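Peer 1: Handing you a structure now.
The values are calculated or read from the model by the stated rules, or taken from the named source; none is laboratory data. Predicted model, so just to flag it, every value in this text is computed and none were measured. Cβ: placed from backbone, ideal geometry, glycine included. Neighbour counts: every protein chain shown.
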Amino acid sequence: MAVKPFTLYKRKLNSGRVLYYAIFRDESGARLPAVSTGEAKKAAAESWAIKHLNAKKREKAATLADFTTDFFRWGVCPWIARQHAQGRPFSSVMARMRRGHLDRLIIPAFGKMRLGEIKAGRISDFLLKLELSNSSKNQIRNTISIVMEEAVFQELIEYNPVKNLRRFADNYQKRDIFAADELRRLFPEDRGALFDNWAGPYWSTFFFVMLTTGIRLGEIRALFWANVDFTIPALTVTRAVKSDRSIGPPKSREQRAVYLPPRTAAMLEMWRAASRYTAVNDLVFHGRDGQHPIHSHTALDYFRKGLKAAGIETRGRVLVIHSLRHQYNSIMRRAISESALQYMIGHTSTAMTDRYDGAGPLDKLRAFLPEREKIDDAWK
């Protein structure tokens, strides 16, 4: 004779109210601790118990990968639709970021696990092992929490395990820069050795331009051939790739221009001769074609590979792509005037803006022509 999966009994509370409690059995038939149905009538209590059992069955069947198939996908995610219907803001940019957390990190770690198996301790161990800043870990923690809270809402699990995890403390660390001998190893004069470090002309030129101009990652990904003037030589910074991969104004919203050292200009000419996309309206460093920018994670992957190929020690150091911008700032600060550096790196002062109001980026750059020789000497 089959053992009934649950039994009901009445319990009188201290308040005097009488509620039904349910006692369930596990797969072996052993009794589990009683739980309140929250119902005062037996029929309602039985309905609650059956729903509870069905939810437990779904919990056993659902894996995280199955549950998150459409999660954070714009236009198809029920959770996003509910946020908007309830008047809560949630942008496509944020959706793309959180979907990226799922695809790149969370699903590879937990995708095959059933939702009920994902406990606080496992999540904590996963976050601790990530080689990311604490602020990034907190964002990933929040992504997991949203998913698990939705699973609670859908009665697939009984509680959100992330609620037991404290947030990571802010531990912002200043970016490190490279020693002079490390720069020589990263960007050797010999092109064969240079290409060996960076897997060819594309990435060697990409990162050398960043190093010798100080432009940001989003700005170089939005650089078109129209922005490169080989006669001066200089490049204009007019756009940047945003977090949703759209192209818009640069961070400061101010266009600017930067002198290109001779070696940088020569490398860009070399890359243009090798590139498939060389029209003025083509991206210098293109993605799948001349109109689509590369993904930031692709750049980060090749940056790490380049450091490894050059034998750069990274343990205990904060060496990221943005370190190249810090490097430029450090070298140029010793070589040129503060006003020239502020303009070219994109930290233009109010006085500079007022002084050159109405002038184009290259016109403003010509004001620093006396600094040109110093810039060239700094990168020899």
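Peer 1: Out of the residues in the range 315-324 that are surrounded by 13 or more Cβ atoms within 10 Å (Cβ to Cβ) and not charged (D, E, K, R), state the one that is farthest from Pro261 (Cα to Cα).
Peer 2: Val318
Peer 1: Also, quick follow-up: For the range 81-99: of the residues being buried (at least 17 other Cβ atoms within 10 Å of the Cβ) and in contact (Cβ under 8 Å) with a residue 24 or more places away in the chain, which is nearest to Ile140 (Cα to Cα)?
Peer 2: Applying the filter and picking the extreme gives Arg98.
Peer 1: How many residues are modelled with pLDDT under 90 and either touching a Leu at 6+ places or on another chain (Cβ under 9 Å) or surrounded by 22 or more Cβ atoms within 10 Å (Cβ to Cβ) (or both) if we restrict to the range 169-216?
Peer 2: Result for the range 169-216: 3.
Peer 1: Another question, if that's okay. Kindly provide the set of residues from the range 359-374 that are of a type in the set (A, V, I, L, M, F, W, C), over 12 Å from Ser337 (Cα atoms) and at pLDDT 80 or above, ordered by number.
Peer 2: Matches in the range 359-374: Leu362, Leu365.
Peer 1: Continuing with this model, one more query. For the range 216-227, check the following and say yes or no: at least one residue is small (Gly, Ala, Ser), in contact with a Lys or Arg (Cβ under 6 Å, 6 or more places away or on another chain) and at negative phi.
Peer 2: So far as the range 216-227 goes, yes, one or more of its residues are small (Gly, Ala, Ser), in contact with a Lys or Arg (Cβ under 6 Å, 6 or more places away or on another chain) and at negative phi.
Peer 1: Could you please find all residues in the range 288-301 being assigned to a loop (DSSP other than H, G, I, E, B) and surrounded by 15 or more Cβ atoms within 10 Å (Cβ to Cβ)?
Peer 2: If the condition is that a residue be assigned to a loop (DSSP other than H, G, I, E, B) and surrounded by 15 or more Cβ atoms within 10 Å (Cβ to Cβ), then Gly290, Ile294 are the ones that fit.
Peer 1: Among residues belonging to the range 330-346 that are at pLDDT 85 or above and under 27 Å from the mean Cα position of the chain (by Cα), point out the one that is nearest to Arg253 (Cα to Cα).
Peer 2: Met344
Peer 1: Thr231 passes all but one of (1) among the β-branched types (Val, Ile, Thr); (2) touching a residue at least 40 places away in the same chain (Cβ under 8 Å); (3) loosely packed, with under 15 Cβ neighbours inside 10 Å; (4) out of contact with any Gly (no Cβ under 9 Å at 6 or more places or on another chain); which number fails?
Peer 2: (2)
Peer 1: Would you call Arg245 without any contact (Cβ under 8 Å) to a residue 24 or more places away in the chain and assigned to a loop (DSSP other than H, G, I, E, B)?
Peer 2: When the stated conditions are applied, Arg245 does not pass them.
Peer 1: Which of the numbered conditions does Gln327 fail, given that it passes all the others? Conditions: (1) out of contact with any Lys or Arg (no Cβ under 8 Å at 6 or more places or on another chain); (2) surrounded by fewer than 18 Cβ atoms within 10 Å (Cβ to Cβ); (3) of a type outside the set (Gly, Ala, Ser); (4) at pLDDT below 95.
Peer 2: (2)
Peer 1: Sticking with this structure for a sec: Being at pLDDT 95 or above, within 27 Å of the chain's Cα centre (by Cα) and assigned by TED's automatic domain parsing to the domain that holds Phe206 narrows it down to one residue among Asp282, Asp244, Asp289; which is it?
Peer 2: So the residue among Asp282, Asp244, Asp289 that is at pLDDT 95 or above, within 27 Å of the chain's Cα centre (by Cα) and assigned by TED's automatic domain parsing to the domain that holds Phe206 is Asp282.
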